[in-house]
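A quick write-up on the structure given underneath.
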Amino acid sequence: MSLSKNKESKILKQFSRFAQSYGRYNVIQTEVAKLLVERIPTKFYPTIIDLGSGDGEVYKNLIKKHITFEKFVAWDSSEQMLALHPKGLIIDKYMADFNYQKSYENIENKKENTLLISSSALQWSEDLDFVFRELSQKASRAYFAIFTSNTFKTLHEIAQIDSPIYTEKELKEVIEKYYSTDFELKKYTLAFKTVREMFQYIKKSGVSGGEKRLSYKQSKKVMQTYPLDYLEFEVLFVEATSLA
């Protein structure tokens, strides 16, 4: 499926709006990026593509781990987020939405020389099959960390709404069509003093993806009855080799 309408999405608006405060609220995403990079063998890679690069957590962790490369492509749909990403002679910043066909036309097919990394971004794929089919053509090796629908599970249950992102099963079924894979599922929690503080985190962290899914009535119900002092997160870690 080719997605042709190139208009700014709610997700892009959310990340752009809170770009400056993102670093203070992305506690879980920071930990996920660190763990994802820890899985990558320490060696030289001619080209690394970081899809959903944000303000550079993956890049910073690669440097800390002494992984070297000739070219680093920081790929993000938000100009404001890319402005916060580290700069350098070997860093190319590429602003494009991975949900659109034309975004892939500017990425070279150098599969054997390219490592693809994506942390905390691909849960916002509008068409999973399209995105992973395209990505499998760009790099022979890939490392993904993708939030699943069990993120904010209790909140969604109380508000009686469905998660806006994919289940573990849906993710695995599509990814296995295009990659030989090794999966690991990890759960996280993040504690808050109050439910109001929790809502503030959801709004500014980007985890909600710009989805204004709770009505006033639903929000009030969650504020009054949420039984936990933490939010739940679930992340699918993927080590993948392209079958293409």
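The values are calculated or read from the model by the stated rules, or taken from the named source; none is laboratory data. All of these numbers come straight from a predicted model, not from anything done at the bench. Neighbour counts run over all protein chains shown; Cβ positions are idealised from the backbone, glycine included.
What's the number of the condition S205 fails, among (1) buried (at least 19 other Cβ atoms within 10 Å of the Cβ); (2) modelled with pLDDT of 85 or more?
Of the numbered conditions (1) buried (at least 19 other Cβ atoms within 10 Å of the Cβ); (2) modelled with pLDDT of 85 or more, the odd one out for S205 is (2).
Looking for something touching a residue at least 40 places away in the same chain (Cβ under 8 Å) and not polar (S, T, N, Q) - is there at least one such residue anywhere in region 85-92?
Taking region 85-92 first, the residues touching a residue at least 40 places away in the same chain (Cβ under 8 Å) are none.
Looking for residues that are touching a residue at least 40 places away in the same chain (Cβ under 8 Å) and not polar (S, T, N, Q), one finds none in region 85-92, hence no.
Go through (1) part of a strand (DSSP E or B); (2) modelled with pLDDT under 95; (3) surrounded by 15 or more Cβ atoms within 10 Å (Cβ to Cβ) one by one and return the number of the condition F199 breaks.
Here F199 clears every test but (1).
Please note which helices (runs of 4 or more DSSP H) are completely contained in region 114-188 and include at least 2 residues that are modelled with pLDDT under 95.
Working: elements: 128-136, 153-159, 168-178.
Passing ranges, in order: 153-159.
If I filter region 208-244 down to residues being modelled with pLDDT of 95 or more and polar (S, T, N, Q), which single residue comes out as surrounded by the fewest Cβ atoms within 10 Å (Cβ to Cβ)?
T241
Here are some residues: E197, E184, E168. Which one is among the charged types (D, E, K, R) and closer than 19 Å to Y230 by Cα? Can you show your working first?
Details: E184 fails: closer than 19 Å to Y230 by Cα; E168 fails: closer than 19 Å to Y230 by Cα.
Checking each option against the conditions leaves just E197.
Being of a type in the set (K, R), assigned to a helix (DSSP H, G or I) and modelled with pLDDT of 95 or more is the requirement here; does K13 meet it?
On the way: of a type in the set (K, R): yes; assigned to a helix (DSSP H, G or I): yes; modelled with pLDDT of 95 or more: no.
Spelling it out, it is not the case that K13 is of a type in the set (K, R), assigned to a helix (DSSP H, G or I) and modelled with pLDDT of 95 or more.
Take the residues in region 79-97 that are surrounded by fewer than 17 Cβ atoms within 10 Å (Cβ to Cβ) and among the hydrophobic types (A, V, I, L, M, F, W, C), then tell me which one is nearest to L62 (Cα to Cα).
So the residue we want is I90.
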